[in-house]
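Just so it is clear, none of the values below were taken in a lab; they were calculated from the coordinates. On a predicted model such as this, the values are computed, not experimentally measured, just so you know. Cβ atoms come from the backbone with ideal geometry, glycine included; neighbour counts cover every protein chain shown.
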Ligand SMILES: [Zn+2]
């Protein structure tokens with residue numbers, strides 16, 4: 001089925017609904033992609049900033065059920081003005097479900113997608129990007145301070161000015177981390193000792209941060225690329241490639257630790273089985289402890305459980321990942337049902353990455369605590 005989507009807000013003085021539909025229909029027939037089953041979705045009087053427009057949501061449900069294979073709009077701004085949301089849909093969801101997306105005025109057609117069109121898409125995206133700047137800055141600060149994931153800032157902790165300079169204070173902590181692990185400390189022991197030694201800096205190192213540091217060859221002066229998959233250029237944080245896909249060039253910038261120290265720490269780290277809990281789970285980046293608001297991690301010793309490493313001396317078990325996943329899928333279905341839509345997407349064969357991307361499209365944050373106490377904050381319905 002081909003879906004044509006048209007929207008006009010209360011304050012819009014631009015093109016009318018009829019005008020929008022006319023332009024799209026003309027384009028479809030000129031491209032010979034007319035089909036018998038065209039369905040027109042209209043939101044009259046709704047802002048593009050709102051993602052819970054009734055016809056829009058109905059159309060997305062059609063995408064999720066596999067009914068809709070082509071979506072055409074007059075221009076991107078009709079589709080939505082919350083561009084983080086829109087680009088997640090066009091770049092991740094539609095691509096994954098093989099939905100063709102056409103924006104006539106922007107000459108964007110995902111089937112013909114080439115660099116030029118991508119550029120056009122990005123420039124339009126950038127036009128509205130300012131709206132999201134404050135959130136983006138917040139999330140950068142957040143990811144630096146809390147999760148220790150430095151993807152967005154591009155330069156890893158310890159370096160500054162695109163690796164041309166070493167940050168002396170940070171480098172000292174990095175060196176200390178390598179030495180502690182090389183001496184046989186586990187990741188959690190190392191993080192605890194660092195937090196203690198650098199008490200005045202109010203650090204909050206976690207075992208998973210230490211693991212990420214020890215495993216990062218950039219500290220020996222190497223440049224690592226192809227670390228992140230380009231599925232979504234907005235959400236690099238969520239999509240780290242497998243280590244065997246990383247490309248490493250050595251002696252590119254000044255080293256913080258020697259090759260010997262790096263190797264020694266990494267040899268020891270393979271012996272530390274007990275603290276291998278930093279593996280990314282499908283809720284990575286989404287789940288937080290309801291009590292202390294700290295990110296939840298997956299613990300290999302407590303198979304399949306999300307734990308809060310901050311709340312208790314031993315990790316506090318919060319919830320099983322599978323249980324939480326079922327709860328989330330159930331709630332997403334409920335959200336659709338509230339809008340009069342039955343949701344029949346089959347999740348059985350989804351890979352971990354599929355699941356993570358799917359959840360990321362709908363969920364902003366989940367606060368969880370033991371006994372299935374859960375608060376879910378959605379992306380749809382937000383202003
Ligand atoms: Zn906690």
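At full extension, residue 26 and residue 331 could sit 105.9 nm farther apart than now, given 0.36 nm per residue minus the alpha carbon distance.
So if R0 is 35 Å, what FRET efficiency would residue 10 and residue 351 give, r being the distance between their Cβ atoms, rounded to the nearest 0.05? According to the calculation, E is roughly 0.25. Stretching the chain fully between residue 294 and residue 183 yields a gain of 37.1 nm (0.36 nm per residue, less the alpha carbon separation). Peptides 21-34, 177-190 ordered by packing proxy, namely the average of other Cβ atoms within 10 Å per residue, highest first: 177-190, 21-34. In this simple spin-label model, placing a label point 7 Å from the Cα along the Cα-to-Cβ direction at both residue 40 and residue 198 gives a separation of 6.1 nm. Per-residue extension of 0.36 nm, minus the Cα-Cα distance of residue 246 and residue 1, leaves a gain of 84.2 nm for this segment.
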